Amino acid sequence: MRDKSVSRRGFLVSGLMVGAAGTTYLVTPRASAAVSAPNLELIIPKSFSGWVSVESQAPVLPDPNLQRTVNQIYDETLARTYVEPRTGRAVMLVIAYGAKQTDSLQAHQPEVCYGAQGFVVERSGDAAISGAFGTLPAKLVYAFQGARTEPIVYWLAVGERITNFGLRQKFRQLQDGIRGKIPEGFLVRASLIGPDEPESYSVLEEFLSGLVSSLPPSSRRRIAGV
Amino acid sequence: MAASAVNLTSPPAPTQLGGLDWWRLGPLLLGVATLFLPTYWRLGTTLWQGEDHIHGPIVLAVSAWLIWKRLPTLVPKQPAGVSAWVLLLLGLLFYIFGRSQEILLFEVGAQIPILLSGFALTYGWASVSRLAFPIFYLFFMVPLPGLVVDGLTAPLKVLVSQIAESLLYLAGYPIARQGVILHMGPYQLLVADACSGLNSIFSLFALGLFYLYLMQHKHFGRNAVLLTAVVPIAITANVIRVIALILITYYYGDDAGQGFMHGFAGMTLFLAGLLLLLGLDGVLGFFVDRRKVKQHAR
């Protein structure tokens, strides 16, 4: 075997590999520089349509150990309990924000988050939140642990559009990635302690509808996609 | 081990050092390093930090060592054709896509086609067969896809919790279970995903396979039994870990329990599982040899 052809081949193989490494660097999407943190504490009103926030029952949040192997640290989380003085009903609200939505928001997906905390996640279905802004396609989940029975309604908005979790969301994530974009994401979750009955979910949908209506237009677009 | 393939009829080329032809190997290793050193860095600073992925660096080390040992024995043969180039390009595409989109499955998995085709183009397909095991062994370094993990973790957690509860109950402890939460006296412990045993099964399987490869047992049944034993051994190790944690917390309080948990618990149990596996092989060996002696005696 002639030395020349060996070296030509060798350098071609090596060149392709180094070229691939370089190409990867060029096509790796980077987070949009223009995005600024939303400051959820300020944007999300402490009272709206008959609901007032109070400092009491703790909403369920992901175990810090779950975050250990996740590359990105979660950017902002808001956890509040709202009470409707007229009826005495209480709803727990959690809004999680990720500037680079990727997989860090996955930890807040209720089916995963509650399951990992020892809850039994019994049902998963579709919900709709309607208001003057239109209708939002959300998801509902029922989870329980002993006496704590918790109906949940939530949505995931990525790049100012509600995508929720699933294959469609992954596909969109890939599409954005290929175009070099890493959009921001918001996971909004409302739950209450109560029975697994249609009334519980209506209360949650009504709560979320009131919340969305009370947001200023730019925040509403980012958080709910409308 | 085969002697290194030095051509005795002509003086060695000036680029041979330590029995290796660097003219051939150099560019290849450089290319592979440029691609995968960043990958190993990324793994090392994220995934491999968690105690459930201890097999990652071990699998990499084992593979690299086996490949390194065999390099001097590679003889350049008929160079590979189009198939190797196609495989290389496919591997590189998976790498580019996986790394830029942060899909570890593709980025880490791409090592296999890239190494196979890289060596095939440098030494020919016939020579690559000597490297087949270490290259394919890298498969165990590839993180399991989320879908698989999610599907298997929950039932494993429940199984581990059930067994732990039954054993402690039989021993007379005041234990109760609700899903994957165990109540013992005033304490409450959640069997976390890390205790499901899924990663222990994977790690133990990888190391068990390497062990069998070294031992070269001819008896198929012996190999099969050993590999299937990995699942119950890993689950047993996790049950022991959960029981130990509960007992420590029960007798010494929460702080002692958490300290145990994040200390050497994972590594110790993993080593115990490995020793159990080796012990099992010893026992199987005893039976296999007795059969052989009997057959010879007839």
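The values are calculated or read from the model by the stated rules, or taken from the named source; none is laboratory data. Since we're looking at a predicted model, the values are computed, not measured. A quick note on method: Cβ atoms are made from the backbone with ideal geometry, for glycine too, and the neighbour counts reach across all protein chains shown.
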(request) Evaluate region B:57-65: report whether one residue or more is crowded, with 19+ Cβ neighbours inside 10 Å, facing chain A (nearest Cβ under 10 Å), part of a helix (DSSP H, G or I) and among the aliphatic types (A, V, I, L, M). (result) no
(message) Suppose the filter is touching a residue at least 60 places away in the same chain (Cβ under 8 Å), more than 21 Å from A:ALA99 (Cα to Cα) and aromatic (Phe, Trp, Tyr); does A:PHE144 pass it?
(response) no
(request) Name, by its number, the condition in (1) modelled with pLDDT of 90 or more; (2) surrounded by fewer than 21 Cβ atoms within 10 Å (Cβ to Cβ) that does not hold for B:SER129. (result) (1)
(request) Identify all residues within region B:172-210 that are in contact (Cβ under 8 Å) with a residue 40 or more places away in the chain and either on the phi > 0 side of the Ramachandran plot or of a type outside the set (A, V, I, L, M, F, W, C) (or both); write none if there are none. (result) B:TYR173, B:GLY185, B:TYR187, B:ASP193, B:SER196, B:GLY197, B:ASN199, B:SER200, B:SER203, B:GLY208
(request) Examine region B:195-207 for a residue that is over 19 Å from A:GLY115 (Cα atoms), modelled with pLDDT of 85 or more and either in contact with a Pro (Cβ under 7 Å, 6 or more places away or on another chain) or exposed (fewer than 15 other Cβ atoms within 10 Å of the Cβ) (or both), and state whether such a residue exists. (result) no
(message) Would you confirm whether or not region B:164-177 contains a residue that is crowded, with 22+ Cβ neighbours inside 10 Å and either within 9 Å of chain A (Cβ to nearest Cβ) or at pLDDT below 90 (or both)?
(response) no
(message) Consider region B:246-272. How many of its residues are buried (at least 17 other Cβ atoms within 10 Å of the Cβ) and at pLDDT below 85?
(response) 7
(request) Pull up region B:94-125, narrow it to residues that are of a type in the set (Gly, Ala, Ser) and within 14 Å of chain A (Cβ to nearest Cβ), then point me to the one that is surrounded by the most Cβ atoms within 10 Å (Cβ to Cβ). (result) B:GLY118
(request) List every residue pair whose Cβ atoms lie under 9 Å apart, where the two residues are 6 or more positions apart in sequence or sit on different chains, the first residue falls within region A:115-132 and is within 14 Å of chain B (Cβ to nearest Cβ) and part of a strand (DSSP E or B), and the second residue, located anywhere, is of a type in the set (Lys, Arg) and crowded, with 18+ Cβ neighbours inside 10 Å. (result) A:SER124/A:LYS139
(request) Return a yes/no flag: does region B:253-263 have any residue that is polar (S, T, N, Q) and assigned to a helix (DSSP H, G or I). (result) yes
